[in-house]
Every structure is written in structure tokens, then in C-alpha cells.
Amino acid sequence: MRQSSGKQRLATWLDPFKVLRWVGVVVIAVLFSFPLYWVVVTAFQSHKGVLAVPPNFVPQFHTGAFVFVLEHTDWARFMLNTVFVAGTTVALVLVTSALAGYALAELSFKGRGIFFMMVLAVIMLPSQALLIPQYAVALHLHLLNTYAIQIVPFAASTFGVILFRQFFKGIPRAYWEAARLEGVGHLRYIRRVAVPLAKPAVVTVALLTFITSWNQFQWPLIMTTSTSIQPIEVALSHYMQTFEANWRELTSAVLLALLPIVALFLLLQRHIVAGVAGRDSGVNS
């Protein structure tokens, strides 16, 4: 029996379709990860090593370029700007998404279906088509070149509303009935019961919103002009002009900008998968 099961496992591993599938997965993974690996190699290279022929594919761990970026540029300011904008945006998105998602999932009001269709319709609108009217609105409200213009337009997330709605619909109605008998209102129920049960949705929306806000480039480039309030992605565009021929400084700045979101993603990727898949809502049926 053991020999038979061993032969079956070997035959499964040697299945040509399975082998080809794994080869394809490895090839695609290498193709997608190589540009990032090459950025790492370039950032840690010496001055001569960057332009060496043939190229050196092993990092040399020279940190001079990182020291130059941190000491000779206003990197800390750009980083603080980005953290402030991204953190505030995440907080606002979580509040608006939880409230709107709960209303669409649990409250009965006239036009709820139409309102939900309007939320879905927002996804179909290309953001570039709205840039001119949005710029005109920001101009008349005197919001240009401020932190507010980088935060307020992104304080609500269509994806967040939909995800919270799906999680809240999975919470048994008996929870709300029991809370109502104890005199608990909707807002307290959301804060004390619904949101804790939707922890995967909270983590997923928070992380994806943080990454999206951290990577904002087009919007702050158009809406801001002062480097004192601009985020890190706009700073990288300035570095591309300043350090156009110095690839070590440019790739070092890129790595410094990537490190926070890569670390967050690696730490919380399990929650993202659970949140998007709709699992682990905290409700035991």
C-alpha cells in the first residue's frame, strides 16, 4: 500500500501539465520581480559598478547613495507629508466606509438599491475625466496647494463601502436584536460589535487605502506646487530630474519610498486575502 501511494504521489508530481504550470509560475514570478531586484542591485552598487560591462547582478552593499539622499535632500519632510496624508486618509475612509456599508447592509430606507447602484457607478468613472472640474472646484474653494486637497477628495472609498457592506450582511440579525434590547443604538453597535467582527475588512481597506494614498502622484502633482506639502512620489519625480544620470541616488530614493508599504504588505497580506475572499469575519455560525 505504501509503495502504491508513493508511486501515485510521484506520478502526480511528474504530471506534464502540472510541471508546465509550475514552470510558467516561476517564469512569471522572475519576470515581475527582476525589475525590483535590479533596483536593489543598482542602489547598493559602487559608482563604477553601475555602468560596468558585463553588469554585476550581485549587490555590493555600498550605502553611500542612501546616506547622500538622507543628508542632502529634504527626504524626512517628504516622508512626514506622505505619512500624514496617508494616515489621515485611512482614518477617514474607515469611518465613511463603515457607516455607509452598515447603512446599505442593515438599514431599510427608500432608495437604498438606487443609492448602492450609484456607489457602483463611481467605479466606472475614469478619474482623468474628472480632473478639470475637480481642479476648478478646488480653485474656487481655495484648497489648492494644501493638505486638505490631498485628503478630502479621497475620504470615501467605493471599494471600502462595498467590502464593509458584504461583511456586515454576514453578521446574524440576532446580534442587532440583542443589542437593541440592551438599549444600544446604531452608532454604538457599529463601533462595539459590527466593526470588530469585520476585522479582515478593516485591515484590507486600511492597507489598500494606505498604499493607494502613498503612491499618489498625478493628483498632488497637479493640485500642489509647494515642496513643503508634497508627498514622496512627487519628490521622486524631482529626483528623476536632479539625479537623471546618477542611478544610485535615484534607485536609493525609490527603495526608501517602497520600504514602508512593502513591510506593511508582508505583515498583513494574510488579512488582505481573508478580507477580499470574505472569510474570517469573526462570526461563528
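The values are calculated or read from the model by the stated rules, or taken from the named source; none is laboratory data. All of these numbers come straight from a predicted model, not from anything done at the bench. FYI the Cβ positions are ideal-geometry reconstructions off the backbone, even for glycines, and counts take in every protein chain you see.
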Filtered residue count, the stretch 234-257, keeping only those that are in a helix (DSSP H, G or I) and crowded, with 16+ Cβ neighbours inside 10 Å: 15
First in the stretch 244-257 and more than 17 Å from Ala52 (Cα to Cα), second anywhere and modelled with pLDDT of 85 or more and outside any helix (DSSP H, G or I), Cβ under 7 Å, 6 or more apart: none
For the stretch 103-124, check the following and say yes or no: at least one residue is closer than 30 Å to His238 by Cα and aliphatic (A, V, I, L, M). no
For Leu163, state whether it is touching a helix residue (DSSP H, G or I) at 6+ places or on another chain (Cβ under 6 Å) and hydrophobic (A, V, I, L, M, F, W, C). yes
Yes or no: His140 without any contact (Cβ under 8 Å) to a residue 60 or more places away in the chain, surrounded by fewer than 16 Cβ atoms within 10 Å (Cβ to Cβ) and within 29 Å of Thr251 (Cα to Cα)? no
